[in-house]
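Scroll down for the structure; my scribbles are underneath it.
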Amino acid sequence: MRILHLEDDPLDAELIEAGLKRAGVRCTIVRATTLEAFEAGLSLSPVDLIISDSKLPGFDTSLALALARQKCPHVPFVFLSGNASPTVKTEALASGAADYLLKDDLSQLPAVIERLCPADSWKEQPELPATGRMVMAHCKGFYCLAFRDTDGKWKDFFRNSELPEVLEWTEVEA
């Protein structure tokens with residue numbers, strides 16, 4: 001997941017990044033501190049989520065929201081602010097922001113990301129077992145002993161037949 005983060009305070013940016021990593025959000029964060037850097041971030045590569053402070057010196061962040069709506073209308077835009085004004089929040093949401101959180105409520109950001117973005121783009125995935133290692137696999141509707149072959153496909157240990165999607169797996173003692 002690629003996040004464009006509009007934030008002028010380096011400490012706030014570090015806290016947000018650390019909070020996302022702690023919550024298991026796998027992401028690359030591109031930080032912008034100016035309107036020019038934000039515009040460049042919108043143009044450089046696909047962005048999955050935009051997080052923005054509500055106040056930055058030098059420009060109005062509602063302009064950043066308007067630019068984002070114009071250049072990439074499908075990308076969720078979340079304000080993460082120190083401003084608790086209900087009026088500011090209402091105006092931001094009415095202008096197209098997907099959500100508006102207070103920086104004091106940073107712990108809610110992973111839940112907002114889960115609601116706004118597909119989980120496969122950001123959730124930490126467990127490391128797959130080594131090729132040939134036996135595991136207990138949970139497929140839709142059943143469990144079985146399984147292993148991954150040299151092509152990376154999941155196989156039923158006893159039938160040596162390919163399995164449908166493996167939802168989760170656990171190590172077993174040999």
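Throughout, read-outs are computed from the coordinates displayed, never taken from laboratory work. Just so we're clear, the structure is a prediction, and the values are computed from it rather than from any experiment. Neighbour counts run over all protein chains shown; Cβ positions are idealised from the backbone, glycine included.
Some points to look at:
- With R₀ set to 30 Å, the beta-carbon distance separating H74 from D149 gives a calculated FRET efficiency near 0.20.
- Label of the coordinate-derived value, volume of the Cα convex hull per residue in Å³, listed as (i) 167; (ii) 141; (iii) 151: (iii)
- Proximal charge balance of S161 [Cβ under 15 Å; K/R count +1, D/E count -1]: -1
- Contact order normalised by residue count of the chain, Cα under 8 Å, 6+ apart, percent: 17
- Global geometry of segment 73-123, whether rounded, prolate or oblate, following the gyration tensor of its Cα atoms and the 1.5 cut on a/c: oblate
- Global form of segment 1-82, assessed from the alpha-carbon gyration tensor, a/c cut-off 1.5: oblate
- Cross-link reach list, aspartates and glutamates versus K21, counting only Cα pairs under 12 Å and skipping chain neighbours closer than eight places: E124
- Of all DSSP beta bridges confined to segment 2-121, the antiparallel ones make up roughly 10%.
- Each of T90, F77, C117 was placed along the dipole of the chain (beta-carbon charges, centred on the mean Cα), and the one lying farthest toward the positive end is C117.
- Charge dipole (debye, nearest 20) of segment 134-174; +1 at Cβ of Lys and Arg, -1 at Cβ of Asp and Glu: 140
- Amide H partners (placed H, <5 Å) of L6, local residues excluded: A32, I51, S52, D53
- Ranked by the mean number of other Cβ atoms within 10 Å of their residues, highest first, the peptides 159-165, 76-82, 93-99 come out as 76-82, 93-99, 159-165.
- Here segment 41-96 is treated with +1 on each Lys and Arg Cβ and -1 on each Asp and Glu Cβ, and its dipole about the Cα centre works out to around 60 debye.
- You can think of it this way: the chain between A37 and D104 has 21.5 nm of extra reach, that is 0.36 nm per residue less the Cα-Cα gap.
- Mean residue ellipticity (222 nm) of the chain, computed from DSSP H runs ≥ 4 via -39,500 (n - 2.57), nearest 500: -8500 deg cm²/dmol
- Pairwise label distance in nanometres, R22 with H138, each label 7 Å out on the Cα-Cβ vector: 2.7
- Shape category assigned to segment 71-174 from the gyration tensor of Cα positions, a/c cut at 1.5: prolate
- The 3J(HN,Hα) values that the Karplus relation (6.51, -1.76, 1.60; θ = phi - 60°) gives for segment 150-158 are, in residue order, 5, 8, x, 8, 7, 10, 5, 4, 7 Hz. Gly and Pro appear as x.
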